[in-house]
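Structure first, commentary second.
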Amino acid sequence: MDQDNYIRQLLHFLKESPTVFHAVHSICRLLMTRGFTELHENESWDTRTPGLYFIRRNGSSLVLLSLADDDFAGSGLRIAGAHTDSPALKIKPKPDMVNHGLLQMGVETYGGALLDPWFDRDLSIAGRVTWRNRDSSISSALIDFKRPVAVIPSLAIHLNRDANEQKKINKQTDLVPIVMQHSGEDSPDFAAIVREQLAREHNIREAEILDHELFLYDSQPAATVGIGQEFITGARLDNLLSCFSLATGLVDAEKPQNSLIVLNDHEEVGSLSTSGAQGPFLRSTLERLIPDSETRQRCIHRSLCISTDNAHGVHPNFADQHDKNHLPRLNMGPVIKYNANQRYATTGRTASFFRVLAEQADIPVQEFVMRSDLACGSTIGPITAGAIGIQTLDIGVPSLAMHSIREMAGAKDGWHLYRAMRTFFTAAHDQNMWQCLAE
Ligand code: CO
């Protein structure tokens, strides 16, 4: 894959992945075309080596396994992680409401969304629907309206003269999207709208909608921008850019070593769920892959986890928000993230490993540490390190407008990350690199 190819495929992946469910589905489709077999958690596993496998949980988290041999105690696992979810507006269970001749839908905010950019966008709806068929069987499927079907209009400046000085957003009352004109004769019925979409997309007739997990998203697809097409803008770059770079880095790696990628849901809301990084997904996968606990512990202590999540690039209009010696720039390579208080899991040793890896992959590296007078965010790295006891480092591509409905990153950085990960999973490594992790 070359850089143009990488960007084209990344933009396509982002378009096909408006929700966490769609993202996992898109990656699974890629894996199946590349020879991976699905293992189901409720069945017995036959993980012969060499072999390529994946396991999904809740349709929103995913583990990828690329097994070269069964010498887990001798060679460890090359592990990488990222999160599949992004802040969004989620449609409430009973969303319908009619106000002034308009059908509107109640929404909950999911995660720490930057809310202001959600106004005046052509929004679409996607997610997972569960229904009962005529024969009483129950099914789930993904739907995606694909076209703009909702909008949250701003209040005109004439009715809110202070809007440019101080805009406050009430999540309950200000963020209610309009979805259609309503004559007032029949009562509103969101389930009927979902049922029609199910029929359109999956040819399912007479479905009794039992429940839904639907999100609003920006119908404007991700794009390259800049006079020289230097940048990418789009929703969910945090953290689907990482998911894509990790997964493609593994499937494109030549002769990969024993490798594992974990892509977790619910990072944006604290990671505690069956499929989140604080849940048992990775631990139970390792226990089933390596049932003998002595062998498993030896493997864990010969392994490294690279946790990948976007970093804050320096914004030229707000450079004061960064420490002046740590100013990650777009297109200048992945960022190693440091935090003395363990909001990031990076150690001097794991960072050193990555610096040598970056040399091998011929990519640049940058550093980020939060200003000492600002609170630092976190990610799945410290959670995974804490749960499994594995040496970990946190990295990510620099980006701007994190958690906006349209984020921005350098077009080269995803490509840099892809190359770093492809090198990480590849067999031939300098043994000195692994020595720097030895206890
Ligand atoms: Co993130």
Exercise. Do we find a residue being among the small types (Gly, Ala, Ser), assigned to a strand (DSSP E or B) and within 16 Å of the ligand (Cβ to nearest atom) anywhere in the range 64-71?
Worked result: no
Exercise. Is it the case that Phe231 is touching a strand residue (DSSP E or B) at 6+ places or on another chain (Cβ under 7 Å) and either of a type outside the set (S, T, N, Q) or in the same structural domain as Ser17 (by TED's automatic domain parsing) (or both)?
Worked result: yes
For this session: Write out, first by first residue and then by second, each pair whose Cβ atoms fall under 6 Å of each other, whose residues are 6+ apart or on separate chains, and whose first residue, in the range 116-141, is farther than 12 Å from Leu198 by Cβ while the second is surrounded by 14 or more Cβ atoms within 10 Å (Cβ to Cβ) and basic (Lys, Arg).
Result: Ile138/Arg132
Exercise. Restricting attention to the range 85-121, which residues are of a type in the set (Gly, Ala, Ser), in contact with a Pro (Cβ under 7 Å, 6 or more places away or on another chain) and assigned to a strand (DSSP E or B)?
Worked result: Gly106
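Against the condition surrounded by 21 or more Cβ atoms within 10 Å (Cβ to Cβ) and on the phi < 0 side of the Ramachandran plot, how does Leu67 come out, does it pass?
no
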Problem set entry | Condition check for Ser245: in the same structural domain as Ala420 (by TED's automatic domain parsing), polar (S, T, N, Q) and within 16 Å of the ligand (Cβ to nearest atom) | yes
For this session: Go over the candidates Leu272, Leu282, Leu260 one by one and state the one that is among the aliphatic types (A, V, I, L, M), in a loop (DSSP other than H, G, I, E, B) and in the same structural domain as Pro398 (by TED's automatic domain parsing).
Result: Leu272
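Going through the range 17-35 one residue at a time, which ones are outside any loop (DSSP other than H, G, I, E, B) and surrounded by 14 or more Cβ atoms within 10 Å (Cβ to Cβ)?
Hits for the range 17-35 are Val20, Phe21, His22, Ala23, Val24, His25, Ser26, Ile27, Cys28, Leu30, Leu31.
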Exercise. If you check Ile336, Ile363, which single one turns out to be surrounded by 16 or more Cβ atoms within 10 Å (Cβ to Cβ) and out of contact with any Gly (no Cβ under 7 Å at 6 or more places or on another chain)?
Worked result: Ile336
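The values are calculated or read from the model by the stated rules, or taken from the named source; none is laboratory data. Values in this document were obtained by computation on a predicted structure and should not be read as measured data. Note that we place each Cβ from the backbone using ideal geometry, even for glycine, and neighbour counts take in every protein chain shown.
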